[in-house]
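Below is one structure, written out as structure tokens; comments come after it.
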Amino acid sequence: MSDMTGEPQGTEAPKPEKKKGKWSRRAFIGAGILTGGALVVGVAIRSGKPSERLQKLMASGDNEMLINSFVKIDKDNIVTAVVPHVEMGQGSQTVLAQMLADEMDANWEDVRILEAPGDSAYVSKDIAREYQMPNLKVPEILEPTLDGTLFQIANMMGLQITGGSFSIRGTGQRGMRTAGAAARQMLVAAAAEQWGVPEEQITVDKGIIAHKASGKSAKFGQFAGAAAEQSLPALPKLKTPDQFTLMGKPLQRHDIPAKVDGSAVFGIDAKIPGEKLSYAAVKAPPVVGASITAMDSDAAKAMPGVQQILNMGDFVAVVANGYWQAQQALNTIKLSYSKTDADSLDADAIFARYAKALDEVGDDGGDVETQTGDANASYAKAAKQISAEYRAPFLAHATMEPQNCTAWVKSDGSCDVYAGSQSPLKARKVAADTLGIDLEQVNYTNTYLGGGFGRRAEVDNIVMAVRIAKATGYPVKLIWSREEDTAQDFYRPSATSRFSAGLDDKGKVVSWNNIHTHLFDPQEAPQVPYYDIPNNLVRKVEVPMHLRFGPWRSVDHSQHAFFIESFLDEVASEAGEDSYQMRRKLLAKSPRHLAVLDKVAKMAGWGRTMPKGTGLGIALVPSFGSIVAEVAEVDLTGKKPRVTKVWCCADPGYAMNIDGFVAQMESGIIYGLTATLYGEISLKKGAVQQSNFHDYKMLRMDEAPQIFVEVINGDPERLGGAGEPGLPPLAPAVTNAIFAASGKRIRELPLSKHRIV
Amino acid sequence: MVQTTVNGKAVTLEVDPATPILWVVREQLDMTGTKFGCGIAQCGACTVHLDGTPVRSCSTPISEADGKAITTVEGLAGDDGVLSALQQAWIDVQVPQCGYCQSGQLMSAAALLRDNPQPSDDDIDAAMRGNVCRCGMYNRIRKAIKIAAGTDQADSSAVEGAEA
């Protein structure tokens, strides 16, 4: 299929018309030629013997398959990068294509981007690998046995996810670059064969293959077919940073033009060709886990446009000929709910529960996460003892686009589903499971996401929409109100964390003891191995909560960064030491971290005399493979606390698109600042109290600080993420700045709970 | 029955006059550039112009558009499809991330620049604070407005930021 706007051919293992390339023992590149003469190159796997630990997860034995189709080159020289990640504003689709095109030496103007479908061919094997074995470097990543195992695991998990700041460092570094380099090598080999010249004498630049001595040159398209005849390179050579032509450059994002003229299609904009849509508004019980025991919908039935009122037990849906009509009718419906164990819970009761659990485990109980030396013994004889308790609240994601999904269950039992999901394959699978049909009977279309932040890794919207569509039999677009979106989220969990630290008589930190509630992910979030503290004990205790919780931008780092970096600031203060200088000493054995810290301090002019009522605060947090330090400047001289400037230095290994990376730092800072200032989901009688932007506030233009970002490319072979790491240092940088400006120590977020000015 | 014009085209609508402009534009006229964010005029994602004035279309009934002109994001570019200077600045600065709020941001900014071609920072704050961007691209929005206004200064460096 030479039409690059068509479906990618990688949805199943592509069936090459002819393929001479022989699988070597370590072969992992697959290639074929598609109808119309387009070359397709992907990453193949050969699963070998999995380790014993992983064997039980394997679904089958040895096999070979083409699992990914990352690139197509057609006869018109168009290079299509098939990217297995969704676009929610993080820009990774462009960067993934950029990485592939650079390795190919393709002409960027001729590169197109196609989002891979929600299909098992595009499971995030590379993410599974990055997650399992983050320290492997190229070319060890090409080792096939592990690939096979991880593919199986990823497949079983339905893992085709965009999240964890993994797209570039996982799929990009391990998949797109390899496929691009392989495609280039095969094109060169094809040209060499036809021209009768050595491969080494051939150059490739911007999609032109050339042999200088003979004056021969050709565009990619001319050899697209012949390239597929070439042997598959087992280990294509990847570029080093000095050879990059596109990687690192601030190339413009492919999705932006459609986002300035209104043409970008989000889930809420989905249309089903030739079909008239009906619209559903929904309401679920305010207390999670309750069910509907009675419904009075007499008034709603009589309202204009109303087609059906569905009591689904766990929610009510009004289906009408317009969303507004549906929501107006829904607003008149009176519901009664069953009782639950959580009916009496309020926010304070949850924190009391945490306190009780923490009290019970004391100084050395709970599940040990890290233990070096003897923190308790060291603390007991410390010259100075410091302890504190910190709290962070539940948070909603508040994506700008409320939850929605469009579904049509047809008379033949198949289903069309449209949504913007961070997990397209999971969305498709859950639609099939909900309806009791095969995966192949679900025709799933993923759109742009109007914000993800982890919320759209959940698929509750999909389940709801297909249940409604099953009940109606006609196409329905489900849209949640903002109130429903706020009250029925998968929340960032609240948490309490207790610390004690000991200083010796020279002011050196000799012990660190932390016990905190709950741990979700990533496991390293509460740990501080980069700080040189000889006695270290980090523990957790599980406490049940009835609210649904889910990943929220930077996940557990969002709480633990605030806890750790604020407490460290207290320790510095108690030691009578400058908090930047104390961190410098603690980072003596972590040179990359230290470089980031030093850079941000220099950017911010750390140490300068600040006007009365203003202050600087500093924090450093490595997360998702990137090291980020931030300095916040606060001004407490006005009517409310104001963060005026934020300086940020990040080391992501190598920023593959520098402007895109900077944009993610800016975004993480504002998202983090919103939570720091205002973010709190609270409970009353088990129900979420917040409903819309008037009581779940967002940072606005007039409150946005100036942001200055610098990037250090500290290790091009080990990439870090971008979407999340900018967020964690922000809260402690701000609260530490408040301490510097006022002497007030903030141990509980958000700031709106405190009288600061 | 409501008679209005949308992006210069006259339309006659058989709808409940209480229906917000947002839903009429999206569902009756099939123009989905205007977005639903909150439904209570708190986020600005639904901003359109009514006779040139920015309004929150989620909370403005279509009856108020009777005899008036509605402009949506789809009407910002010229008839020839050439983007407005503001839209081009949005691309040059790479403003959007998820992009969902950007139609509303652009409509608020377009109205600001028409009434106040060289707005100060305070003017920008006042005109734009009704528009939430959850991806936090406020600094880029400010920069793009200034570029379109011709008032953008060269990037201030980080060190200047510290010394300011």
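For the stretch A:550-699, calculate the relative contact order in percent as a whole number, restricting contacts to Cα pairs under 8 Å that are 6 or more residues apart. Present the calculation step by step, with values, prior to reporting the outcome.
Working: 144 pairs, mean separation 20.8, N = 150.
Relative contact order comes out at 14 percent.
Across peptide B:28-40, what mean number of C-beta atoms from other chains lies inside 10 Å of a residue's C-beta? Display every interim value, and only then the final one.
Values: counts 1, 0, 2, 2, 9, 8, 1, 8, 11, 10, 13, 8, 7.
Mean inter-chain Cβ contacts per residue within 10 Å come to 6.
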Mind checking which lysines have their Cα closer than 29 Å to the Cα of A:Lys381? Skip sequence neighbours fewer than 8 apart in that chain.
A:Lys356, A:Lys506, A:Lys508, A:Lys540, A:Lys585, A:Lys589, A:Lys744
Within the stretch A:303-330, name every residue whose backbone N is under 19 Å away from a label modeled 7 Å from Cα of A:Thr293 along the Cβ vector.
A:311-316
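Taking 0.36 nm per intervening residue step and subtracting the Cα-Cα distance, what contour gain separates A:Val265 from A:Glu542 on full extension?
Values: separation 277, 0.36 × 277 = 99.72 nm, distance 4.14 nm.
Result: 95.6 nm gained on full extension.
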Between B:Asp51 and A:Asp314, Cβ-based FRET efficiency (R0 51 Å, step 0.05) works out to 0.65
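With a 1.4 Å probe and all protein chains in place, put B:Asp66, A:Asp74 in order of accessible area, largest first.
On the way: B:Asp66 80, A:Asp74 10 Å².
Most to least solvent-accessible, the answer reads B:Asp66, A:Asp74.
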Using the Karplus curve 6.51 cos²θ - 1.76 cosθ + 1.60 with θ = phi - 60°, what ³J(HN,Hα) values do you get for each residue of the stretch A:109-115, in whole Hz, with x for Gly and Pro?
5, 9, 8, 10, 10, 10, 6
Place a point 7 Å from Cα of A:Ala349 in the direction of its Cβ. Which residues in the stretch A:272-289 have their backbone N less than 18 Å from it?
A:285-289
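Determine the dipole magnitude for the protein assembly as shown: charges of +1 sit on the beta-carbon of Lys and Arg, -1 on that of Asp and Glu, nothing else is charged, the reference point is the Cα centre, and the result goes in debye to the nearest 20.
On the way: 94 positive and 108 negative charges, 175 e Å.
In debye, rounded to 20, the protein assembly as shown gives about 840.
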Using label points projected 7 Å from each Cα along Cα→Cβ, tell me how many nm separate B:Ala126 and A:Lys685, to one decimal.
4.4
Point-to-point label distance, A:Ala377-A:Glu109, nm (Cα→Cβ direction, 7 Å offset)
7.1
Within 10 Å of each Cβ in A:694-702, how many Cβ atoms from other chains are there, averaged over the peptide?
6
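Between rounded, prolate and oblate, where does the protein assembly as shown land on the alpha carbon gyration tensor, with a ≥ b ≥ c its root eigenvalues, rounded for a/c under 1.5, else prolate if a/b exceeds b/c?
Details: a/c = 1.35, a/b = 1.04, b/c = 1.29.
Rounded is the answer for the protein assembly as shown, as its axis ratio a/c remains below 1.5.
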With all protein chains modelled, accessible area of A:His593 [1.4 Å, Å²]
30
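Using a 1.4 angstrom probe with every protein chain in place, what is the largest-first accessible-area order of A:Ser511, A:Ser742?
Values: A:Ser511 0, A:Ser742 50 Å².
Most to least solvent-accessible, the answer reads A:Ser742, A:Ser511.
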Read phi for every residue in the stretch A:198-210 and hand back ³J(HN,Hα) as whole Hz from Karplus 6.51 cos²θ - 1.76 cosθ + 1.60, θ = phi - 60°, with x for Gly and Pro.
x, 4, 4, 8, 8, 10, 10, 8, 6, x, 10, 8, 9
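Between A:Thr609 and A:Asp433, what is 0.36 nm times their sequence separation minus the Cα-Cα distance? Round to one decimal in nm. Write down the numbers at each step before the final one.
Numbers: separation 176, 0.36 × 176 = 63.36 nm, distance 6.25 nm.
The A:Thr609-A:Asp433 span can extend by a further 57.1 nm.
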Taking R0 as 30 Å, what FRET efficiency do you get between A:Asn443 and A:Gln252 from their Cβ-Cβ distance, rounded to the nearest 0.05?
0.40
Return the whole-Å distance between the Cα centroid of the stretch A:487-508 and the Cα centroid of the stretch A:236-281.
38
Phi angles of the stretch A:87-100, converted by Karplus (6.51 cos²θ - 1.76 cosθ + 1.60, θ = phi - 60°) into ³J(HN,Hα) in whole Hz with x for Gly and Pro, give 10, 10, x, 7, x, 6, 4, 5, 5, 4, 5, 4, 5, 5
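Where does each of B:Met1, B:Met107 land when they are ordered by accessible area, with a 1.4 Å probe and the largest first? Write down the numbers at each step before the final one.
Details: B:Met1 140, B:Met107 0 Å².
These residues rank, largest area first, as B:Met1, B:Met107.
Rounded to the nearest 5, what is the percent of antiparallel bridges among the DSSP beta bridges in the protein assembly as shown?
Restricted to the protein assembly as shown, the bridges split so that about 75 percent are antiparallel.
Mind checking A:321-333 for the average number of partner chain beta-carbons within 10 Å of each residue's beta-carbon?
3
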Additional length obtainable on full extension of the chain from A:Lys744 to A:Gln706, 0.36 nm per residue less Cα span
11.3 nm
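Taking the Cβ-Cβ separation of A:Lys212 and B:Leu83 as r and a Förster radius of 60 Å, what is the calculated FRET efficiency to the nearest 0.05? All intermediate terms of the calculation are to be shown ahead of the outcome.
Values: r = 42 Å, r/R0 = 0.69.
About 0.90, to the nearest 0.05.
Using the per-residue mean of other Cβ atoms lying within 10 Å as a proxy for protection, in what order, highest first, do the peptides A:638-649, A:212-223 fall? Don't jump to the answer; show the numbers that get you there.
Values: A:638-649: 20.5, A:212-223: 16.2.
Result, highest mean Cβ count within 10 Å first: A:638-649, A:212-223.
The values are calculated or read from the model by the stated rules, or taken from the named source; none is laboratory data. The structure displayed is predicted, hence computed values, not measured ones. Cβ coordinates were reconstructed from backbone atoms using ideal geometry, including for glycine residues, and neighbour counts include every protein chain displayed. Note: accessible area is taken over every heavy atom of the protein model, side chains too, but ligands, DNA and RNA are not part of it. Shrake-Rupley method; radii C 1.70, N 1.55, O 1.52, S 1.80 Å.
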